[in-house]
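> Got a structure for you, questions after.
The values are calculated or read from the model by the stated rules, or taken from the named source; none is laboratory data. Computed from a predicted model, the values in this text were never measured in an experiment. In this analysis, Cβ positions are derived from the backbone assuming ideal geometry, glycine residues included, and neighbour counts consider all displayed protein chains.
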């Protein structure tokens, strides 16, 4: 799973629209007036002047957005006076950001005529206005998300940001770390108050979620916590006098003891209070205007107009198709029982699981290195940023997802990172390891998102933003591409590839089942146990993810189907002229786009080839 949250960290707290849009303009000159089009753009500009004017306009927006988003600055390698700050989590700040984004989109439409722009800038304008429309539809529901939950909750995401994103290279960045550590107390207090207000309005996670949140808090709120351990290691690696290091460590401990730890204690009390009266229902249909909220989320994540019923039916059809392909492999390996019995065999036999974390990571490295040697045969563009694989940190591994990816920084100071959750090795089947590595690493998220970050000719919102159906569709497509490239030589790994594809197809059924058809957590778990070979722990954690992250899981299969359809179209239309590297280039070099725009772009590329 790529977190397009982490791109702007899900910490752009308090607004689902901001978490989805990745790069929302913040303020242009002041919050009262819309952005002024650049004076260099005349009423009837020449093509070069119009393109330059749009670039300047978007650069201005990006600088304004960054001025209120210190986390994006850190992630992009910009270290300045904001380096020790957190974003403003208030609703007033969210309203101001949204109003300015909409004003910017209106100004862009008024100022820049598409016929005066080159092809790339026409696409930029189209994506910019499309993104504004998407976030505008979600904005009325900005307070419907859960601030504290096990997937993206601030109680764990804020420490993870400090550990994974806030590098310490000198005295100044060490001091800004301490400032952020102390400031985390105010952030937690503000968000705790917001959470209480939402709970009073009927917007709170199901009762079972609170145990995970409390576990995260308890894992952190102790003297030897992961944040202080991280800061100690980073400071000790600096070339500073011993006395100065000791002073920095003492300041960090004081910030924790006097400010942040008490804030976590207060947050814990609030979570316990909410837990006592929390609902046992799971879907967001129970929230105020829940069905409309879910429809807006589905439209945003899939970039389609598919209804929940359409998505559910598609999932059922895909499950049936994949089961047929699985039957063929089951028979090939000589298993004589039913497919359901084969699922049980794979789920229960210890030989399909690693005995140690080191063994799992060694296999990931082996498959990743082999894949890297094959990439030039299938891609023109390759990422410059390195890929590293890291286990999820101990303090959040019990609650975190199975695997996810974090993009590299544009300045090269941070690699792309594939995080794998090894909390329970019996949740991480050997059969699925290969497909998971291709999805999160190469040719999946790392290849696509590193290339995206390295497209320096694109405006910031296209380099650092995203559309989930495109990004996750590419990740799932990459799993299948691995087979085209000659991998999955072990039939059990090929079965694991199908199991991963089945997993995403089941998401269409389960996500809509929970949030549209009012399935319970237990119904969803029972469906996956019957339909997939995945271990019980994997199934339970996945269902819990879909409950607190509604709609997002539907994007994978829908995006992948579109990419596969377009590839087949191109292969049939071009025949011997089809080059897989050119096809991939037509998708990757634009950066993320909506699925309708992707369809147009590939078909235009095919026409140009013909």
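> Residue 313 fails exactly one of the following numbered conditions: (1) surrounded by 15 or more Cβ atoms within 10 Å (Cβ to Cβ); (2) touching a residue at least 40 places away in the same chain (Cβ under 8 Å); (3) in a helix (DSSP H, G or I). What is the number of that condition?
Only one criterion in (1) surrounded by 15 or more Cβ atoms within 10 Å (Cβ to Cβ); (2) touching a residue at least 40 places away in the same chain (Cβ under 8 Å); (3) in a helix (DSSP H, G or I) is unmet by residue 313, namely (2).
> A further question on this structure: Please state which one of 274, 244 is in contact (Cβ under 8 Å) with a residue 24 or more places away in the chain and closer than 23 Å to residue 174 by Cβ.
244
> Further question on the same structure: Collect the residues in segment 68-92 that are in a helix (DSSP H, G or I) and more than 28 Å from residue 197 (Cα to Cα), keeping them in residue-number order.
73, 74, 75
> Can you give me the number of residues within segment 107-144 that are part of a helix (DSSP H, G or I) and under 30 Å from residue 602 (Cβ atoms)?
Residues that pass the stated criteria total 26.
> So, one more: State which residue pairs qualify: first residue touching a residue at least 24 places away in the same chain (Cβ under 8 Å) and inside segment 595-610, second residue part of a helix (DSSP H, G or I) and loosely packed, with under 14 Cβ neighbours inside 10 Å in any location, beta carbons under 7 Å apart, and separation of 6 or more residues or different chains.
Once the first residue is touching a residue at least 24 places away in the same chain (Cβ under 8 Å) and sits in segment 595-610, its partners that are part of a helix (DSSP H, G or I) and loosely packed, with under 14 Cβ neighbours inside 10 Å give 609/577.
> Going by the conditions given, is residue 320 more than 20 Å from residue 201 (Cβ to Cβ), in the same structural domain as residue 208 (by TED's automatic domain parsing), modelled with pLDDT of 95 or more and surrounded by fewer than 17 Cβ atoms within 10 Å (Cβ to Cβ)?
no
> Shifting gears a bit: Could you tell me which numbered condition residue 187 fails, if it satisfies all but one of (1) in a loop (DSSP other than H, G, I, E, B); (2) closer than 28 Å to residue 417 by Cα; (3) at pLDDT 95 or above?
(1)
> Among the listed residues 508, 476, 566, identify the single one that is surrounded by fewer than 23 Cβ atoms within 10 Å (Cβ to Cβ) and assigned to a helix (DSSP H, G or I).
566
> State the number of residues belonging to segment 345-379 that are surrounded by 13 or more Cβ atoms within 10 Å (Cβ to Cβ), out of contact with any strand residue (DSSP E or B) (no Cβ under 8 Å at 6 or more places or on another chain) and in contact (Cβ under 8 Å) with a residue 24 or more places away in the chain.
Total satisfying the criteria: 14.
> Inside segment 380-397, can you point out the residues that are buried (at least 18 other Cβ atoms within 10 Å of the Cβ) and out of contact with any strand residue (DSSP E or B) (no Cβ under 8 Å at 6 or more places or on another chain)?
Selection gives 393, 395, 396.
> Taking segment 277-295 on its own, how many of its residues are surrounded by fewer than 22 Cβ atoms within 10 Å (Cβ to Cβ) and part of a helix (DSSP H, G or I)?
Qualifying residue count for the region: 7.
> Among the residues in segment 96-116, are any crowded, with 22+ Cβ neighbours inside 10 Å, at pLDDT below 95 and either closer than 26 Å to residue 217 by Cα or in contact with a strand residue (DSSP E or B) (Cβ under 7 Å, 6 or more places away or on another chain) (or both)?
yes
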